[in-house]
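Have a look at the structure below before the remarks.
Derivation of every value follows stated rules applied to the coordinates shown; laboratory data play no part. All figures in this text were calculated on a predicted structure; none of them were measured in a lab. Note that we place each Cβ from the backbone using ideal geometry, even for glycine, and neighbour counts take in every protein chain shown.
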Amino acid sequence: MGSILLPHLRTGWHVDQAILSEEDRLVVIRFGRDHDPDCMRMDEILYGVADKVRNFAAIYVCDIDEVPAFNQIYELYDPVTVMFFFRNKHMLCDFGTGNNNKLNFVLENKQEMIDIIEAIYRGARKGKGLVMSPIDYSTKHKY
């Protein structure tokens with residue numbers, strides 16, 4: 001249900017405009033397939049936090065089958081991928097998983113997502129390109 005209510009980016013141009021247009025807010029984009037169960041769960045989390053973080057983050061969803069232009073560039077091979085951008089710059093976050101480019105697992109808790117978005121936003125405002133996640137996920141999830 002969350003993916004229906006979150007703004008969809010239907011073309012590569014829309015993705016670019018979403019990233020370019022936000023000057024003061026973090027852009028959070030969930031790349032994946034709208035019908036995938038993991039994406040549906042992540043969309044519920046994102047929809048649940050969207051109102052709470054609207055002052056400093058804009059959340060979008062993008063179906064990688066509908067917009068394949070970024071699949072190779074961002075290495076979008078996982079069922080669900082959440083990426084963060086600030087002032088047209090890709091923000092990296094160290095989740096302890098070895099992949100700092102993106103969040104490629106489903107969170108089970110809305111507060112964890114809020115904490116991650118806040119940490120990345122604070123780091124981005126300070127000019128950091130790599131932010132440490134408030135929670136170490138190295139032993140929390142199996143890959």
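Can you tell me which condition Ile73 does not meet? The list is (1) loosely packed, with under 14 Cβ neighbours inside 10 Å; (2) in contact (Cβ under 8 Å) with a residue 12 or more places away in the chain, and all the others hold. Only one criterion in (1) loosely packed, with under 14 Cβ neighbours inside 10 Å; (2) in contact (Cβ under 8 Å) with a residue 12 or more places away in the chain is unmet by Ile73, namely (2). Of the residues examined, Asn101 is one that is under 26 Å from Pro37 (Cα atoms) and touching a His at 6+ places or on another chain (Cβ under 9 Å). When restricted to residues that are surrounded by 15 or more Cβ atoms within 10 Å (Cβ to Cβ) and outside any helix (DSSP H, G or I), the stretch 41-51 contains 0.
For the stretch 76-120, taking the residues that are over 11 Å from the mean Cα position of the chain (by Cα), in contact (Cβ under 8 Å) with a residue 40 or more places away in the chain and in a helix (DSSP H, G or I), the one that is nearest to Ile45 (Cα to Cα) is identified as Lys110. Within the stretch 13-40, the set of residues being closer than 11 Å to Glu66 by Cβ and either hydroxyl-bearing (Ser, Thr, Tyr) or surrounded by fewer than 15 Cβ atoms within 10 Å (Cβ to Cβ) (or both) is empty.
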